[in-house]
1. Relative contact order (percent) for the chain, with alpha-carbon contacts under 8 angstrom and 6 or more residues of separation?
2. How do Trp258, Trp174 rank by accessible surface area computed with a 1.4 Å probe, from largest to smallest?
3. Which value, in Å², gives the accessible area per residue of the chain when a 1.4 Å probe is used on the protein heavy atoms?
4. In what sequence, largest accessible area first, do Thr427, Thr366, Thr341 appear using a 1.4 Å probe?
5. When the Karplus curve 6.51 cos²θ - 1.76 cosθ + 1.60 is applied with θ = phi - 60°, which whole-Hz ³J(HN,Hα) does each residue of the stretch 37-45 get, with x for Gly and Pro?
6. So how tilted is helix 590-612 from the main axis of the chain? Cα-based, degrees 0 to 90, rounded to 10.
7. Can you compute 3J(HN,Hα) from phi for each residue in the stretch 95-101, using the Karplus curve 6.51 cos²θ - 1.76 cosθ + 1.60 with θ = phi - 60°, rounded to whole Hz and x for Gly and Pro?
8. Order of 567-575, 206-214 by packing, highest average Cβ count within 10 Å first?
Amino acid sequence: MTDSTNNHWAAAYDVIVVGFGAAGATAARFAADDGAKVLLIDSAPEGHEGGNTRYAGQVVLTGYDFDKMKTYFKQLFGPIKIDEKMLDTYVDGLVHIPDYFKKYLEIKAPVSYNKVHRDPDFEAFANGLSPEYPEFEGSDTVDLTTVHDGYFDASLWKTLRGQVVKRSRQIDVWLASPAKHLIQDPQTKAIVGVQIERNGQLVDVQAANGVVMALGGFENNNDAIQNFIGVPKLKVIGTRYNKGDGIAMAQEVGASLWHMKSFEGFGFDTGFTFENPKEARGKFILSPWPDLSHGSIFVAADDGSRYVREDENGRHGHAFEGGSWKNPTVYSHPHLIFDQTQYRQIKESGKLPYPDFFDITVKGSTIDSLAHKIKANPTTLKQTIDRFSVFAENGEDLALNRSGDSMRAFDDGPYYATPLATAMLNTQGGAKRNERAEVLDAFNTPIPHLYSAGEFGGINANQYNGGGNLAECLIFGKIAGQNAAAKKDDQVSRPTTPTVTTGDLGGSDIDEASVFSKYAVGKDQYLGISDAGIGGRVVVRITYRDNQLKDVEVLEESESEDVGQKAMTELPKQMVAANTVDVDAISGASSSSRALKSAVRNAEEKAKNSVES
């Protein structure tokens, strides 16, 4: 903790919001709308802001009946106690989500997920989200709201980011600028500022009215995962920038923590992704892949034993156990185990949802040799295969109750193993908050001037319905922003002229008007821009001569590291070869493909207008 005694403020604002995801963007815009001058900071570099929101499904949990929704949520929490006022505030927000979209996000016709995706021919994944717990009382009121008929395309994130950009006079944005400490008055304990690393320097920035912590979780901090969740490791399939920095900052000023053990996952066979050392983020396998749960194949724990029902439709990484849905046991090196027949079945199934599947798969001529390669117990692995085969022949899985029709006895080898990891979307734990979004200390007393929103200390614990976290970002982001902006009785005075003692802080990092000044153009060259990418802005430079598209250069983009990058690399070549923007999108990267095409069209229009003039 840094105290406020003899501070030399490098800059002064009414409100500082730490974290530029859905919660932070929401808090910043509502604080600005209430007249505050806001600084919004994030540790991620430009194009990577957005936290988990940019990777999420873009669906927002919605309910149409307060009493039913509250009953539904009490069953989700189960034995986990939740403050009644906090729950009432959350549920009240849920039943007003469509109105929120219209009034605050300027979405004229928000889409009801139920009305669009209750098609029996639609992906089973989609049908299982709303409601995620249909057996619970009150589930008939559950829906999801989207900004348009689509998901996993960053549409909500881009809408929220756009609201911040529109308020650029009131909101300054600093990217690649992590918060290091909260600055606390030693007498009143009020939070009066934030110490920030800006351009390689530590600077103290004053917050006259309040600070909002919207830093997300600790998915990328394995020490925190082991300490709080108690598992060896989890594979991140969301942002790489949520490192739990807010936990230490909150503890430093005396905040209480809650829901530290809760996390949500997603993936095949309940909640898996692949363990591939080439990948910093786990691949989010959204497409159905029945070959991984039907046939002579199962998931093995570290020792070679089975521990999950492979054909179960997991609920955000939760599996049914003992009467409720829980996160399964997490092992260090689980594997898919299968035989030669299954190998051929997967090989012949066509295009794989995970192209590197066979590259990371290992082969053993015998069970013993395979066990040694994956560091499993040979005896245990053989017993597991033998029992699995007996269950398959008898048509009944006496161990985990997998459908007998989905099981086939193993053949005599060779045998195969593909490394897996338990996938994690987000953690829920962080600083405890109340219904006013105030951060509470160990005695449940608000820490003056300190607020929080989003997955940093989220309300959701135990069982979880998809879209609940994004809803919480919108609901409590609004509350936090407005309360932080409100003038306080003990409000500190902003200096008339802040003393900048550590060099140039620079202006706002999302000044979109200045983007074209960064890049030079030569003869027959034109710049194009699009904000439609998953990572936000895409900037291209084209060479256009004699009605021919001669070259397409991608100057700026922040698309996802896997398929999004493939679109940025391959599509420009295809466009030049075909002399048209209208080439096929890269499979699995439709949003990135659309963004690139939009940017090139923007540049082409300038080229054609130049020729005509």
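The values are calculated or read from the model by the stated rules, or taken from the named source; none is laboratory data. These numbers come from a predicted model, not from an experiment. Cβ placement follows ideal geometry from the backbone for every residue including glycine, while neighbour counts extend to all protein chains displayed. Areas reflect the complete protein model, heavy atoms only, side chains present, ligands, DNA and RNA absent. Shrake-Rupley method; radii C 1.70, N 1.55, O 1.52, S 1.80 Å.
1. Over the chain, the number comes to 19 percent.
2. Numbers: Trp258 30, Trp174 5 Å².
Highest to lowest solvent-accessible surface, that is Trp258, Trp174.
3. Working: 24900 Å² over 613 residues.
Averaged over the residues of the chain, the accessible area is 41 Å².
4. Ranked list, largest accessible area first: Thr366, Thr341, Thr427.
5. With coefficients 6.51, -1.76 and 1.60, one gets 8, 10, 10, 10, 10, 8, 6, 6, x Hz.
6. 50
7. After applying 6.51 cos²θ - 1.76 cosθ + 1.60, I find 7, 10, 4, x, 5, 4, 4 Hz.
8. In descending order of packing, they fall as 206-214, 567-575.
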